[in-house]
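Everything below concerns the one structure shown next.
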């Protein structure tokens, strides 16, 4: 995600790549009008200001060979803090989800969505999750790695995890700013987002969530942050009462998207660690630090040496297992 500012949405064409058409993008963002207005009213909640629309999104998808995009609201999401009206935040979450639900209702072939919740308001989040999943047909739920310093996996949010597990939900964890001051001149998206994803993953394992919620499918953004690269270190330091192999096994239950991860340095680590069936394509569009960044990372992924089987799995095969309605010929 970019620093505060207006983001132009001018997708550039990308050359045809063998095996890369028909992608399912599990990491692409939406900015409903009401949410954009709320961001403009709350400059203390840093978020990029994007005049999002379906037409430019479809054009960007076509340029990258994306058949279906699962939409999600990025950081800072909807939340309430000192001086905010919790009731308004609850209404905003509902408005965001109904906007996304309508986009999908009109074009279910090209779009899906992860529902936005109103944490730290747990009661409102439970209600909104039920409504979005049961009434709007959301494809899953998106949570930030942390909300005001409380990380996914915290016992205080167990009732939500239990609900999502009961519904065999796909939980997309998107990073946000760390709960502390950032390095001067370095925006949170450069390194802090990666640390936030890693913190969330480790906290889930620390609280035994993969074992306690076995029907919950957890999808980590941006290649899982530092998880693939540092998995052995993580396991050796938090495995005090269990074997390191058990911690590694829990970390391997996670799914990982390729948003801003394509390239010769991150991909070898991701491919070496992740279950081959647990990597999905992600573009992170339309948030970019520089023009065409999303396209460039997609091209790096396409240029990376993969077998046809690996390329198909990452492009859409693995996502079809998470979202069976997207399998060609399936009943919606």
Checklist (1) part of a loop (DSSP other than H, G, I, E, B); (2) modelled with pLDDT under 95; (3) closer than 25 Å to residue 277 by Cβ applied to residue 185, failing item: (3)
Qualifying position, being at positive phi and under 18 Å from the mean Cα position of the chain (by Cα), among 153, 149: 153
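Somewhere in the stretch 282-293, is a residue in a helix (DSSP H, G or I) and in contact with a strand residue (DSSP E or B) (Cβ under 6 Å, 6 or more places away or on another chain)?
So far as the stretch 282-293 goes, no, none of its residues is in a helix (DSSP H, G or I) and in contact with a strand residue (DSSP E or B) (Cβ under 6 Å, 6 or more places away or on another chain).
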In the stretch 294-332, the residues that are in contact with a strand residue (DSSP E or B) (Cβ under 9 Å, 6 or more places away or on another chain) and either in a loop (DSSP other than H, G, I, E, B) or surrounded by fewer than 13 Cβ atoms within 10 Å (Cβ to Cβ) (or both): 323
Filtered residues of the stretch 58-91 (kept if at pLDDT 95 or above and surrounded by 22 or more Cβ atoms within 10 Å (Cβ to Cβ)): 66, 68, 69, 70, 71, 72, 73
Hits in the stretch 195-211 (condition: at negative phi and not in a helix (DSSP H, G or I)): 207
Residue list for the stretch 213-233, restricted to those being assigned to a helix (DSSP H, G or I), within 22 Å of the chain's Cα centre (by Cα) and free of Cβ contacts under 8 Å to residues at least 40 places away in the same chain: 230
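The values are calculated or read from the model by the stated rules, or taken from the named source; none is laboratory data. Quick caveat, the model's predicted, so the values are computed rather than measured. Neighbour counts are summed over all protein chains in view; Cβ atoms, including those assigned to glycine, are modelled from backbone coordinates with ideal geometry.
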